[in-house]
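To keep things clear, I will list the structure first and then write my remarks on it.
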Amino acid sequence: MKIESNIDNILDELVKKGSNIEDLKHFREKSLSMVKKDEDLNEVLGHISRDIKDQTEAFLNSKNQYGTNYITGVSTCIYLPDYENNGEYKLKLIGGKTGRTRNIKVDENTLFDVASITKVFTLLLLFKLEELGYINLNDRVCDINPDFQNLEDFTLNDLVRLHGELKTNGNIAQASSTEEAYEMLKTLYLVSDSREENKYTDFGAIVISDTIEKVLSNIKGEKVTFEEVMYEYLLSPIGLYQTQFNPNTHRVSGNGNTKRLVHDPKARILGGAVGSAGIFTTSDDLARLAKCLYKVNYVNRGLIKKSKLERLGEVTFPNSSQSNKGNLGIYVKHPLGYEKTFTPPEFSTGSFSHQGWTGSIAAFDPNNLIHNNILVNAIYEDENKDKVRADKPIGFGTAFGEYQKQITKNIMIMYVAKKYYNKYCNVRENIEVTKFIK
């Protein structure tokens, strides 16, 4: 009876932080059965990790009605960081091949093209530069970047919040050169200047990265690129040494080509390093990013201030048709759960995630200190367009969604079990497990 009340106390804490109580009910019994075993924490987490390994292997091997694998490679990471000497837990599931025509195995160092997850990095960099006094989000873009006079009185904050509607004269993705693409970008204009609605676009993030280049070049008195600024002020200080634009290794995946080029056509023609897409990263680096982000809950200053961390999980337009999209298009927690967002309903209020066009996802719960990323090679090119949807095999979205739901339930059981052993059994140990899937 004591065990049950202790487990219910942990579940009550989750509910108070915003977890959906109906979702928590589904794994209460399994959580109880886990901690009632006469086993230590390592053994209990081992049982759960085997379930996740089986689910990951099934997803890796699953095919659609045309006999096409939804993915050829995967790197999934579940990370529960620690700041109070309770021990932390990291589980990595890695398997498959880097491409559909390549026989290179995915390993811990494989870099995945994460597409729009790049926007999380861009937003963090922007917030960091604002804290350092280099950028003011209330500045009009045209005042600090003369290339975008057609944005009229729009500020950087308008771009962050996806205000209005933006368009260019011509399709940048079809430009014949980087120079022509940038000339098209400079024609960006407001179809709507409304601050009462939002419309998802890559253009805001692209303009932000271009503006960061110009502002920092002016401050430093020499030409610096967005890539260099990203490395100096965000990636290097927190040790994300594998994360990069335009990777210089052939151990890449998820981009659908063998040339190490970003999959996103706009980012590719613009040079591969812009604010909307272009980052290649690993599960370990994303986990390290999560730990640095969450640290602000325990010290006065972390990677960014707590107020900025809260903006990552901010609901910007709760009643709009894109109510699942927060600042710069990040998916925030939504009452309708997976119908509107990739952020699990079991996570706390203020949690956020992003899924890139390439299929990979990174989810963050800064209140419960949970991180999960699922990096995949899903891009699929086939002359028969009936077999492809959004550059991925037909059925990928459904298969991916089911996989995310399955492992999220196990993540929460892991969380409850670890919390129980830490709080009521005084068990404190660091555990890191890597499971390779053939």
Length-normalised contact order for the chain - Cα pairs under 8 Å, 6+ apart - percent: 25 percent
The range 310-434 shape via C-alpha gyration tensor axes, a/c threshold 1.5: oblate
D54/N248 FRET efficiency (R0 22 Å; Cβ-Cβ; nearest 0.05): 0.05
Qualifying trypsin sites (Lys or Arg not before Pro) for the range 36-140 [loop in DSSP, other Cβ within 10 Å: at most 11]: K37
Kirkwood Rh and Cα Rg combined as Rg over Rh, evaluated for the range 168-242: 1.05
R0 of 35 Å, Cβ-Cβ distance E222-K16: FRET efficiency to nearest 0.05: 0.10
Which of L162, A175, Y134, positive extreme of dipole for the range 117-175 (C-beta unit charges): A175
Low-density loop cleavage sites - GluC sites (Glu not before Pro) in the range 45-107, where at most 15 other Cβ are within 10 Å (DSSP): E84
Net charge of Cβ neighbours under 11 Å - reference A175; Lys, Arg +1; Asp, Glu -1: -1
Loop-located chymotrypsin sites (Phe, Trp or Tyr not before Pro) in the range 207-260 whose Cβ has at most 15 other Cβ within 10 Å (DSSP): Y241
Ellipticity estimate at 222 nm from DSSP helix runs (n ≥ 4, -39,500 (n - 2.57)) divided over the chain, nearest 500: -11000 deg cm²/dmol
Three-way shape label, the range 1-127, alpha-carbon gyration tensor, a/c 1.5: prolate
The range 115-177: radius of gyration and largest Cα-Cα distance (Dmax), Å: 13.5, 38
Extreme residue, positive dipole direction of the chain, given options T110, N410, L369 (C-beta unit charges): N410
Anisotropy class of the range 140-286 from Cα gyration tensor, a/c 1.5 cut: prolate
Whole-Å distance, taken between Cα centres, linking the range 142-199 and the range 316-333: 20 Å
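Return a whole-number percent for the relative contact order of the range 22-134, with Cα pairs under 8 Å and 6 or more residues apart as the contact set.
After rounding, I find 14 percent.
How high is the FRET efficiency between E429 and N61 when r is their beta carbon distance and R₀ equals 35 Å, given to the nearest 0.05?
Efficiency computed from Cβ-Cβ geometry: 0.60.
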Stretch gain in nm, segment Y182-K385, where the contour uses 0.36 nm per residue and the Cα spacing is subtracted: 70.0 nm
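Values in this text are rule-based calculations from the coordinates and carry no lab data. These numbers were taken from a predicted model, which means no experiment stands behind them. Note that we place each Cβ from the backbone using ideal geometry, even for glycine, and neighbour counts take in every protein chain shown.
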